[in-house]
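Student: Provided herewith is a single structure, encoded as structure tokens, for subsequent inquiry.
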Amino acid sequence: MGICDTCGNVYDNTFSIRQGDRQATYDSFECAIQGFAPRCAHCGCPVLGHGVEDAGAIYCCGHCARSKVLKDNH
């Protein structure tokens with residue numbers, strides 16, 4: 001039995017995700033997304049695909065990346 005790091009649910013089918021030194025245990029993909037996915041630097045939504053990286057920040061899409069750059073230049 002594992003314990004989900006996002007919701008605290010005790011579940012017999014948990015799974016772990018590791019990225020570098022970071023590791024977490026989840027009971028569902030929903031909790032994994034909430035707990036592990038990076039957030040868009042513009043709108044804050046979880047980035048589930050490849051995303052767009054610029055100057056060390058990650059964005060969910062080109063629109064958000066362009067919006068952030070335009071906002072910073074005004």
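All of the numbers you see were taken from the coordinates with simple rules; none came from a lab. Remember, predicted model here, so these are calculated numbers, not experimental data. Methodologically, a virtual Cβ is constructed for each residue, glycine included, from the backbone with ideal geometry; neighbour enumeration extends over all protein chains shown.
Student: Give me the net charge of residue 24's neighbourhood, meaning all other residues with Cβ under 14 Å from the Cβ of residue 24; Lys, Arg count +1, Asp, Glu -1.
Tutor: Spelling it out: positives minus negatives among the neighbours equals -2.
Student: Within the chain, what percent of beta bridges assigned by DSSP are antiparallel, to the nearest 5?
Tutor: Values: 11 of 11 bridges.
Expressed as a percentage, antiparallel bridges in the chain total about 100.
Student: In whole Å, largest first, what are the principal axis extents of the Cα atoms in the chain?
Tutor: The principal-axis extents, from largest down, are 52, 21, 16 Å.
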